[in-house]
Structures are given as C-alpha cells and as structure tokens.
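Chemist: Sharing a structure with you now.
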Amino acid sequence: MKKFLLLLTICAFVWSCSDSKEKEELEGTSLTSRLLAPNNVDPIFDAKVVLTKNGQVLSETTTGIDGYFTVNNVQSGTHTISITKGLFSAERTFDADEYEDEILDFILDNLPNIAVVTGHFDNIQSVLYDIGLVNPETGEPLFDIIDGVSFERLSSSHGHHGNAQVSRTNEFLVPNVDFSFGDLISDPSMLAQYDVVFLNCGLTTSQLEHSSNLTDYVANGGVLYATDYAYEYLFDVTNDGQDYITFLDPYKSGISLQTEATIMDADLALWLEINYGISVNNTVLIDEFLSAWQVVDSFDDTTVLNWFNGEVTYGTNDGEVTENKDLMFTFLHGDGAILYSSFHTENHDEGFSDVDRIMEYQVFNLGDH
C-alpha cells in the first residue's frame, strides 16, 4: 500500500512538472528591443509592433516614447516581428532559441515612395536626408526631388531616385528627376505613384488649375504635406476655407518671426523633452517663419487636429493685431491625410534645429491614421 501511494505521489509530481512546463512553453518569454529612424539614431514612438509565429499573432504592443518595446509570449522556434509607423515599416525573422534577452535595434527600412516639390523658402528635403532617407554609399536621397520653381527639365537625371550627383554638401538637395511639378500635378496617374507628396513653401503657383488633382490624390489615400505659401493649393480641398481650415485674408500677413508656442499634443511634447530636451512646460520656440507668412484664421475642431498655438502679430485691413493663433494642422480627407503648417524648415546648418525635430516627428506621423 505504501509503495502504491509512493507511486501515485511520483506520478502526480511528474504530471505537475509536465503541466507546468507546458504552461511555461505556452506563455513563453519576452523580448525587448528598440525602433529607430532610418538614420539609426532617432527613436520612433507609438509604432505598432506585432509578433507572429507560423502566421499566428502571439503578441502586439507599441513602441514607447524612447523607441523601446517588449513583446511577450515568445516561444521556441522561428518568429517574425513586424513594425509599422505611418508610411514606414520594418520586419525581422529570428529564431527564439538563439537569442538572449535582447536583439539588435530595428530600423524603419521599408520606405514609402516620396515626392518633394522644391520651393524658394522651405527645405523639408534636408530633414528627410537627416532622418536617414539617403543611400549611405552614394549619398543619393531615397526620395524624388521635383523642380517646383523653374519647370526646367534636368537632362542629367534618370527618373525615380536617379541622380548620383547629389551629395550631402549640397544643403538644398537639387531635383533628381526629369519631370517638373507641372508634369506631376497635371497627371493623376503620376501622382498616384507616390505615397506622400511634400509641397515646399515658395513653389510656383502657376499650376493652381490642377489643384483638384491633389484633392483627389488625397481622397484616394495619398498624404500631402504643405507649408506656408503652398496654402493656395489647398483652396480646393478646403472648399475655399469652408471646410477644415480657413486662411486669413489679407493673405500672407504674418509679421512675427518667432513665438514661444504651446504644444497641443502631449505625446509630441514628451517625445521632444525626453529624447532631445527641447520642450519646457509643453512649450517650444518656433523661429522659422517666413517674413509675411500665411496665417490660419480658424479651423474645424471636429475634423482637424491642431498641434501648436502661439502669440503672434499679423496684419489686418484695420492694422496690426497681436493674439494667439494656431500654427500646424492635420486633417483627414477621404482615405488620405493633409498636414499644413504656417512655419517651415529654413535651417541651413548641419544637424537638426528644434523645428526640424518637430518636422521629423510629423514625417513619421504622416499616414498614421
């Protein structure tokens, strides 16, 4: 009898150990890593992270303010981690039996098709370069830069991502395709090849008759970035200011060249402060306004997200006024989205200015809707 009880006890212990092992294998372990911009330096916040094995989702999470994330339920065998942030993504397959506590940083290396239209005053292309959208071996931008000023065709260019003459020493990054903004905006099929189109301030306004093509481009899922004087290309989508945002008339009446602006989005404020020590008490100095910039008079707070509010001086038909105005906006239209900003990127120095950091955040936020 004692032998029988002893046997039962041993069996129960074995079954208990076996059950615990199965539970442990089922629950798995965790893995911590970090997501960075293509420049392999800047942390990416609020990206979606999905862990799968054999096509089955095991864990989902998002990246933290410092780019770090932890996925749970990592089991034995081969897994895939897929990450998406706006129009950018990354993916890695790994064998869970061969890693320890961490794996190498993830880099957002699957890039969208981007078109940048040049202007006289804005240089968003320099920000794109600094966040790593560049071939590290040739120095070529990994996006198309389209002449938005002269319409002259560039005989040395070879189409998409095709100009090997561009170098980091050229702060403005010259056009690298053999078609102009006029060609692009007048051809819906050409527009549709791009996931996002950046309109720099100071581009030609001779193509306003084709603004409806930009509206359709966004409605069909495209993302449009426009700053300051590019506002005229938004008259169609805003129905002359009756929808989304209304531009102040008299136009181009902004006077202030800087403002200590309140950051209206808590996540952006935290990202700037934690990673770069920029924001103080949820404020940031915005000092890259063009002289005589375009003021936004009002916006529909049911359809538009406002990013910044600051005290500025601007002209009216009755004289100068100093008051708080909203300065950057995102709104959805159809299946796509638009970002408009009254300020832009005038930084000609090496590295990032504070405003460049704001624009960087928005680049990865574009399409995250």
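The values are calculated or read from the model by the stated rules, or taken from the named source; none is laboratory data. All of these numbers come straight from a predicted model, not from anything done at the bench. Glycine gets a Cβ as well: all are built from the backbone with ideal geometry, and neighbour counts include every protein chain shown. All accessible areas refer to the heavy atoms of the entire protein, side chains included, with ligands and DNA or RNA removed. Shrake-Rupley method; radii C 1.70, N 1.55, O 1.52, S 1.80 Å.
Chemist: So in the range 214-236, with the set limited to residues that are open to solvent by 10 Å² or more (accessible area, probe 1.4 Å) and over 19 Å from Thr118 (Cβ atoms), which one is nearest to the chain's Cα centre (by Cα)?
Modeler: Only one residue tops the list, namely Gly221.
Chemist: Sticking with this structure for a sec: Keeping to the range 246-282, report how many residues are under 20 Å from Asp368 (Cα atoms) and either of a type in the set (D, E, K, R) or crowded, with 18+ Cβ neighbours inside 10 Å (or both).
Modeler: Narrowing the range 246-282 to residues under 20 Å from Asp368 (Cα atoms): 263-272.
Now restrict to residues that are either of a type in the set (D, E, K, R) or crowded, with 18+ Cβ neighbours inside 10 Å (or both): 263, 265, 267-269, 271-272.
Adding up the residues that qualify gives 7.
Chemist: In addition: Quick one: which of Val49, Val74 is in contact with a Phe, Trp or Tyr (Cβ under 9 Å, 6 or more places away or on another chain), more than 27 Å from Val223 (Cα to Cα) and crowded, with 16+ Cβ neighbours inside 10 Å? Steps first, answer last, please.
Modeler: Values: Val49 fails: more than 27 Å from Val223 (Cα to Cα).
Exactly one of Val49, Val74 is in contact with a Phe, Trp or Tyr (Cβ under 9 Å, 6 or more places away or on another chain), more than 27 Å from Val223 (Cα to Cα) and crowded, with 16+ Cβ neighbours inside 10 Å, namely Val74.
Chemist: Of all residues in the range 297-331 being within 22 Å of the chain's Cα centre (by Cα) and aliphatic (A, V, I, L, M), which is nearest to Asp368 (Cα to Cα)?
Modeler: Residue satisfying both the conditions and the ranking: Leu305.
Chemist: What is the number of the single condition among (1) hydroxyl-bearing (Ser, Thr, Tyr); (2) outside any loop (DSSP other than H, G, I, E, B); (3) touching a residue at least 40 places away in the same chain (Cβ under 8 Å) that Ser256 does not meet?
Modeler: (2)
Chemist: A further question on this structure: Would you pick out the residues in the range 49-97 that are closer than 17 Å to Asp368 by Cα and not in a strand (DSSP E or B)?
Modeler: Thr63, Gly64, Ile65, Gly67, Gly86, Leu87
Chemist: Here's a check for you: in the range 98-109, which residue that is within 26 Å of the chain's Cα centre (by Cα) and assigned to a strand (DSSP E or B) is surrounded by the fewest Cβ atoms within 10 Å (Cβ to Cβ)?
Modeler: Ile107
Chemist: Please give the number of the condition Asp178 fails out of (1) open to solvent by 30 Å² or more (accessible area, probe 1.4 Å); (2) modelled with pLDDT of 95 or more.
Modeler: Going through the list (1) open to solvent by 30 Å² or more (accessible area, probe 1.4 Å); (2) modelled with pLDDT of 95 or more, Asp178 breaks only (2).
Chemist: Follow-up question, since we're still on this one. Considering only residues that are β-branched (Val, Ile, Thr) and farther than 15 Å from Val355 by Cα, which ones fall in the range 256-313?
Modeler: Let us first name the residues in the range 256-313 that are β-branched (Val, Ile, Thr), namely 259, 262-263, 274, 278, 280, 283-284, 286, 295-296, 302-304, 312-313.
If the condition is that a residue be β-branched (Val, Ile, Thr) and farther than 15 Å from Val355 by Cα, then Ile274, Val295, Val296, Thr302, Thr303, Val304, Val312, Thr313 are the ones that fit.
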